[in-house]
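The values are calculated or read from the model by the stated rules, or taken from the named source; none is laboratory data. Since this is a predicted model, take the numbers as computed values, not measurements. Glycine also receives a Cβ, built like all others from the backbone with ideal geometry; neighbour counts cover every protein chain displayed. The area values use the complete protein model at the heavy-atom level, side chains included, leaving out ligands, DNA and RNA. Shrake-Rupley method; radii C 1.70, N 1.55, O 1.52, S 1.80 Å.
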Amino acid sequence: MISIKALAFVLTAFVSYQAPASVGAYNSPLITFASQSYLNGSLKLSSSQRKELDFYAKVIWYEARGESKRGKILVANVVRNRMNFGKPFATTVCDVVYQRNQFAWTRDKKKRNTNFKNIAQINLKTEGQQVMDTLNVAFAMLLMEPMSKTKATHFCSIGERCQFGNVKRLGKVGNHTFFEYLGNS
């Protein structure tokens, strides 16, 4: 079994060599290896790493399933940007994802209480690329801490009526419009 510390060391050492700068860590063969190792049970993660990976993967899956890899990255960036922004947002992946009334899927007890490994096992045959893209982005966010692609702290799906206070519209990618929170001014 490979430990997460050993994998992180290898990823850090080789990711910039393996992937073009424009792609970053998200398409690294080593990130894909981490995702596959996670799915087959040969990757040893600490309890906190498992939780963070699970929360990143679930928010990406439930909010950006069917989106391009770029759309998934931008949704994951919203979580990271909120953590870095501070109040009124939480400061950990888990707390940001489950902060009250932030992500609609968290109100569904079944979705909230499942883990991504179960989601992956159920959907791997029919949506294999979506599962792998979700895990790859989640692992990159967890292990590589890539630079944020945007300042977005909010997004709204097409067809939803979203009313955010004190935000600036940044643009649309796929089925999401992204916004930057300007603070409590």
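Quick look at the values:
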| item | result |
| --- | --- |
| All positions within the stretch 128-185 that are within 30 Å of Ser46 (Cα to Cα), open to solvent by 40 Å² or more (accessible area, probe 1.4 Å) and touching a strand residue (DSSP E or B) at 6+ places or on another chain (Cβ under 6 Å) | Lys151 |
| Residue list for the stretch 99-122, restricted to those being hydroxyl-bearing (Ser, Thr, Tyr) and surrounded by 16 or more Cβ atoms within 10 Å (Cβ to Cβ) | Thr106 |
| Hey, Lys5 in a helix (DSSP H, G or I), basic (Lys, Arg) and modelled with pLDDT of 60 or more or not | no |
| Scope the stretch 97-126; condition of a type in the set (A, V, I, L, M) and closer than 15 Å to Ser35 by Cα; matching residues | Ile119, Ala120, Leu124 |
| Residue match in the stretch 33-41 (condition: modelled with pLDDT of 95 or more, in a helix (DSSP H, G or I), among the hydrophobic types (A, V, I, L, M, F, W, C) and open to solvent by less than 10 Å² (accessible area, probe 1.4 Å)) | no |
| Check on Val93, touching an Asp or Glu at 6+ places or on another chain (Cβ under 9 Å) and within 24 Å of Phe33 (Cβ to Cβ) | yes |
| Residues of the stretch 42-68 classified as open to solvent by 40 Å² or more (accessible area, probe 1.4 Å) and among the charged types (D, E, K, R), total | 5 |
| Flag for Ala64 being of a type in the set (Gly, Ala, Ser) and without any contact (Cβ under 8 Å) to a residue 40 or more places away in the chain | no |
